[in-house]
Amino acid sequence: MKAKIISSALGLLFTYSCSVKEPIVNDPKVDEITEIAPKVEEIDTSVQQSLRSYNLIDILTIDSTILVDLKYATADNFMGFILYDTLNSAYLQQDVAVRISDCQSFLKDTLPNHSLLIYDGVRPVDVQQQMWDALDSIPPAERGKFVSNPWYGSVHNFGAAVDITICDENGIPLDMGAGYDDFRDIAFPSKEWKFLNSGELTKEQHGNRKLLRAVMRSQGFRNIPSEWWHFNACSRDQAVVKYKKLMYESGNRD
């Protein structure tokens with residue numbers, strides 16, 4: 001029954017998302033956000049101030065209905081240990097956070113009991129470097145499919161990319177046919193047809209991915225060919241012009 005509901009909702013979402021041509025970047029809610037109360041008990045005040053100087057805010061201060069499971073603040077990630085010392089929520093550029101909130105509203109208009117779940121937001125370059133180095137057995141050209149070269153920087157480093165999925169009414173992530181940070185080809189959106197034909201990716205799993213893409217595209221986010229969970233709010237070139245790159249959790253050290 002759930003599969004039928006999601007399939008029906010997907011049709012409505014896909015039809016709507018196809019009509020969206022440009023990212024929504026002038027949302028009036030951005031102008032309404034002038035003061036964000038810091039979570040002093042959760043993150044060091046100096047780090048908060050540094051993040052705010054980059055215009056980075058906790059997504060939960062924009063929309064508390066969104067779920068967050070920051071994987072690199074735990075050992076539940078492909079590295080197997082905690083990478084974030086102070087970050088414990090998804091921080092994003094203010095305008096990007098507003099667009100994520102609009103994605104959540106878009107999802108709930110059709111599936112009220114479902115919710116977006118964020119796995120990662122802004123990612124400091126020094127953490128990006130650790131990830132890059134950990135995959136040194138993979139040639140750089142191939143490695144870039146999984147972790148952006150820190151020399152160039154990832155859209156994550158600017159707080160303009162998000163790793164995200166959808167949860168059902170019980171808070172359980174929908175089955176996408178591959179886990180988060182799964183490096184296998186089956187996680188590649190660009191290769192879904194191959195695994196659909198072989199039966200390794202079911203129609204329901206593929207439908208869940210299409211649902212996520214429709215929700216994110218409704219507000220101008222674009223996914224990448226190698227990760228079903230990764231969505232960019234803009235291109236890397238645009239991010240360089242619009243935002244500051246976060247080198248460390250505590251900011252850019254001199």
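Scanning segment 75-95 turns up one or more residues that are on the phi < 0 side of the Ramachandran plot, in a loop (DSSP other than H, G, I, E, B) and at pLDDT 95 or above. Screening Ser64 against (1) among the hydroxyl-bearing types (Ser, Thr, Tyr); (2) more than 19 Å from Trp229 (Cα to Cα); (3) touching a residue at least 60 places away in the same chain (Cβ under 8 Å) leaves a single unmet condition, (3).
Restricting the search to strands (runs of 3 or more DSSP E) fully inside segment 151-253 and requiring at least 3 residues that are touching a helix residue (DSSP H, G or I) at 6+ places or on another chain (Cβ under 9 Å) and surrounded by fewer than 20 Cβ atoms within 10 Å (Cβ to Cβ) gives 222-224.
A single member of Ser50, Ser101, Ser8 is among the polar types (S, T, N, Q), closer than 29 Å to Asn170 by Cβ and modelled with pLDDT of 65 or more, and it is Ser101. Residues of segment 185-214 that are of a type in the set (A, V, I, L, M, F, W, C) and free of Cβ contacts under 8 Å to residues at least 12 places away in the same chain: Trp193, Leu196. Out of all the residues in segment 72-87, which are touching a residue at least 12 places away in the same chain (Cβ under 8 Å) and either touching a Ser or Thr at 6+ places or on another chain (Cβ under 7 Å) or under 21 Å from Lys245 (Cβ atoms) (or both)? The answer is Tyr72, Ala73, Leu83, Tyr84, Asp85, Thr86, Leu87.
The values are calculated or read from the model by the stated rules, or taken from the named source; none is laboratory data. Please read these numbers as outputs of a predicted model, since none were measured by experiment. So basically every Cβ, Gly included, is an ideal-geometry build from the backbone, and we count neighbours across all protein chains shown.
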